[in-house]
Amino acid sequence: MSSSPASPMRSLFLVEGLMKLAGGLMFMVSPQTPLSVAVAAPIPPSALLLTRLLGTQTFTLGISMLLASANTPTAVSSRRIVYWTVFARDATLVTALTLQLWLGDNTGALGFSPTGLRSWLAELMPFCLGHLWVLLAKPHWF
């Protein structure tokens, strides 16, 4: 169970939850900030909207992670499903980005360059692989 001293799950949920809140808020309030490394100027309005929408997902997943970090029986029992949900969202994004890079027309997909798509993929992969490792190799942490 996560309340045991050997489990880092509460700390993982707190740290990643705060990171998701901050990142999601930035994506919603100032989408041009993260897009500036992935999209050449001028940034298309469709890319700004897509980034804001992605920010809402990230922000709400951060709230879920923070709620699951509480030391209550209900929060502790919800951690596994919250972690699977976060992993599923990140894995879906990784899959979509990979397919776009391999099969898509990358000359101007919402203004994203192939380098920008690869940067986004590189940012997501450590989280995605880390979640998968915890879910499959460390289930006793839950």
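The values are calculated or read from the model by the stated rules, or taken from the named source; none is laboratory data. Owing to the predicted nature of the structure, the values given are computational and were not obtained by experimental measurement. Virtual Cβ from ideal backbone geometry, glycine too; neighbours counted across all protein chains shown.
Given the residues Gly116, Gly24, which is the only one that is within 14 Å of the chain's Cα centre (by Cα) and of a type in the set (Gly, Ala, Ser)?
Working: Gly116 fails: within 14 Å of the chain's Cα centre (by Cα).
Within the list Gly116, Gly24, the selection yields Gly24.
Could we say that Thr85 is in contact (Cβ under 8 Å) with a residue 24 or more places away in the chain, under 18 Å from Pro31 (Cβ atoms) and of a type in the set (Val, Ile, Thr) here?
Values: in contact (Cβ under 8 Å) with a residue 24 or more places away in the chain: yes; under 18 Å from Pro31 (Cβ atoms): no; of a type in the set (Val, Ile, Thr): yes.
Judged against the criteria, Thr85 is not a match.
Would you list the helices (runs of 4 or more DSSP H) that sit entirely within the range 6-86 and hold 2 or more residues that are surrounded by fewer than 18 Cβ atoms within 10 Å (Cβ to Cβ) and of a type in the set (Gly, Ala, Ser)?
9-29
Mind listing whichever residues of the range 105-117 are surrounded by 15 or more Cβ atoms within 10 Å (Cβ to Cβ) and either out of contact with any strand residue (DSSP E or B) (no Cβ under 8 Å at 6 or more places or on another chain) or modelled with pLDDT of 95 or more (or both)?
Residue satisfying the conditions is Ala109 alone.
Tell me the residue from Arg52, Arg10 that is free of Cβ contacts under 8 Å to residues at least 40 places away in the same chain and of a type in the set (Lys, Arg), please.
Values: Arg10 fails: free of Cβ contacts under 8 Å to residues at least 40 places away in the same chain.
It is Arg52.
Restricting the range 12-33 to residues that are small (Gly, Ala, Ser) and in contact with a helix residue (DSSP H, G or I) (Cβ under 9 Å, 6 or more places away or on another chain), which is nearest to Trp133 (Cα to Cα)? Even if it seems obvious, please write down each step before you answer.
Kept after step one, since they are small (Gly, Ala, Ser), are these residues of the range 12-33: 17, 22-24, 30.
Pick out the ones that are also in contact with a helix residue (DSSP H, G or I) (Cβ under 9 Å, 6 or more places away or on another chain) and you get 17, 22-24.
Details: Gly17: 18, Ala22: 24, Gly23: 23, Gly24: 24 Å.
Among them, the one singled out is Gly17.
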